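Taking it in order: structure first as structure tokens, then the write-up.
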Amino acid sequence: MTVDFISLGCSKNLVDSEKLMGLFEAHGFHVTHDDPDPKGEIAVVNTCGFIADAKEESINTILELVQAKNEGRLKRLYVMGCLSERYLHDLEAEIPEVDGWYGKFNYTRLLQDLAPLSSPKGDTNALMTNEAPSGAVGGAYRHLTTPPHYAYLKISEGCDRHCAYCAIPLMTGHHKSRPMEEILDEVRWLVSRGVKELQVIAQELTYYGVDLYGEQRIAELVEQMSAIEGLHWIRLHYAYPTHFPWDLLRVMREHKNVCKYLDVALQHISDNMLTRMRRHITRQETIEFIERLRREVPGIHIRTTLMVGFPGETDDDFQQLLDFTRWARFERMGAFAYSEEDGTYAADNYEDDVPQEVKEQRLSRLMRLQQRISAEIEEAKVGQTLEVIIDRQEGDYYIGRTEFCSPEVDPEVLIRSNGQDVKEGEIYQVRITDSEEFDLYGEIIS
């Protein structure tokens, strides 16, 4: 039997898909990933339910596969993930053609329900629980879908921060850290299979360890990871600015394989917005946070996410956000317009009073400003020699990234092939010769 997995949304979803794919593979199934035209007997959609656009994409994907099933191109269709965790009963009623619905945490039941082969290679006892056993989580059953030189590493699930706009806690529940040794075992397994670069991910990275050990242990975890031989880059995603574990900056500064890169969503800067968003931080504290990051880790590249159009955002609030962005000069920045999410504090307590056209105008202005900032930052790298890992070849160019660039979301380095023998997954010294608003161009010198 062939099972095609379609993974939507964030990289945390992708890790769940990889774990389930590995379990299926260990029990005799043939698996494929994101096949644009599934040809297998079974399709499994791992959905996202974060914001309106993501929910729409998930629903449209399900309906396309329902059509494939109705046309006889697919025998069975199953759905898992955040959307079905959040809207299970509504979805069951509205899309009865789906053969089974699974949530965010019980998805391993799918393999049990499909009657595993009589001589499985894996641990069948694992199928009776809501989560795979520690060995499976550590990698024994994980099927990597990324290029072989990098992988995502999820260290926790859930979030105890209750920002007014965010539906994530409604789907993922309270923060739950994975045991440190289990994570380190998975890192060793990944490195043994050729992974050189890890994107460390969680809904809230900096809270790691509080539930298990009574204190934040992210600095200790990253430091132990950095000691594993063969791991060239460790990149950190989804930190939170309040109660930040400052010892993490020492680890970043002292260990060469911990990238000088931090993904930390700030959302806004005006005290009015930060209070209404329930961010538990002030404008001045945010400014001091950015200043300390740059002071303690010279050369750090900060990735952030900002929001426009939150209920009650005035012209003055937005101007403060523009001024802050101009001052902070984020190396990487994404932004989005607020959309009301059912069940959140904002949806229950605020009127969505910023007109959609105003939201879009503000978003456009903010991104135009960031475009100019990014162009200036990237232009300053021309003439420098940087380490670049090669991800792929496209036409006449090899495409790579520096330590300051995460896969799929950040700028890339384009290197004209010129008949060179360049290997994907290898790291080269590259002289930067030119730049665009986001991407760089370079030539390999060694």
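So if I restrict to the alpha-carbon atoms in the range 1-96, what is the Rg, and what is Dmax, the biggest pairwise distance, in Å?
Computed over the Cα atoms of the range 1-96, radius of gyration and Dmax are 12.8, 37 Å.
HN-Hα J couplings of the range 399-412 from phi, Karplus 6.51/-1.76/1.60, θ = phi - 60°, integer Hz, Gly and Pro as x?
Couplings: 10, x, 9, 8, 5, 8, 9, 8, x, 6, 10, 10, x, 10 Hz.
What share of all Cα pairs of the range 309-402, in percent, falls into each consecutive 5 Å distance bin?
Bin by bin from 0 Å, the calculated values are 2, 11, 16, 15, 14, 12, 9, 8, 8, 4, 1.
Rounded to the nearest 20 Debye, what is the dipole magnitude of the chain about its Cα centre when Lys and Arg each give +1 and Asp and Glu each give -1 at the C-beta?
Details: 48 positive and 77 negative charges, 217 e Å.
Rounded to the nearest 20 debye, it is 1040 debye.
At what distance in nm do the modelled label points of residue 63 and residue 438 sit from each other, each positioned 7 Å from its Cα along Cα→Cβ?
2.8 nm
Relative to the Cα centre, what is the charge dipole magnitude of the range 204-272, using +1 at the beta carbon of each Lys and Arg, -1 at the beta carbon of each Asp and Glu, and rounding to the nearest 20 debye? Walk me through the intermediate numbers first.
On the way: 6 positive and 10 negative charges, 63 e Å.
Charge dipole of the range 204-272: 300 debye, to the nearest 20.
Only Cα pairs under 8 Å and at least 6 apart count here; give the relative contact order of the range 219-297 as a rounded whole percent.
On the way: 79 pairs, mean separation 24.7, N = 79.
Over the range 219-297, the number comes to 31 percent.
How big is the Kirkwood radius of the chain, worked out from every pair of different alpha carbons and given in Å to one decimal?
Details: mean 1/r = 0.0429 Å⁻¹.
Radius from the Kirkwood sum: 23.3 Å.
Can you give the calculated 222 nm mean residue ellipticity of the chain, where each DSSP H run of n ≥ 4 adds -39,500 (n - 2.57) and the sum is split over every residue, rounded to the nearest 500 deg cm²/dmol?
Helix-only estimate at 222 nm: -10500 deg cm²/dmol.
Find the cysteines in the chain that fail to meet the 4.7 Å Cβ criterion with every other cysteine, and list them.
10, 48, 82, 159, 259, 405
Using +1 at the Cβ of each Lys and Arg and -1 at the Cβ of each Asp and Glu in the range 201-353, identify which of 228, 241, 336 lies farthest towards the dipole's positive end.
In the range 201-353, that residue is 228.
Applying the Karplus parametrisation 6.51 cos²θ - 1.76 cosθ + 1.60 with θ = phi - 60° to the phi angles of the range 208-214, what ³J(HN,Hα) value in whole Hz is obtained for each residue in order, glycine and proline being reported as x?
3, x, 4, 6, 8, 10, x
Rounded to whole Hz and in sequence order, give me ³J(HN,Hα) for the range 158-172 from the Karplus expression 6.51 cos²θ - 1.76 cosθ + 1.60, θ = phi - 60°, writing x for Gly and Pro.
These are the phi-based 3J(HN,Hα) values: x, 8, 9, 7, 10, 5, 4, 8, 9, 9, 4, x, 5, 9, 9 Hz.
So what's the net charge close to residue 305: Lys and Arg +1, Asp and Glu -1, counting the other residues with Cβ under 12 Å from its Cβ?
Working: positive: 303, 332; negative: 263.
Residues close to residue 305 contribute a combined charge of +1.
Within the set 19/69; 19/75; 176/423; 359/381; 196/381; 55/196, which residue pairs have Cα atoms separated by over 28 Å?
Values: 19/69 25 Å; 19/75 23 Å; 176/423 39 Å; 359/381 33 Å; 196/381 24 Å; 55/196 33 Å.
Table pairs above 28 Å Cα-Cα are 176/423; 359/381; 55/196.
Here, each number is a calculation from the coordinates, and none is a lab measurement. Fair warning: this is a prediction, and the values are worked out from it, not measured in the lab. Every residue, glycine among them, receives a Cβ derived from its backbone with ideal geometry; neighbour counts consider all protein chains shown.
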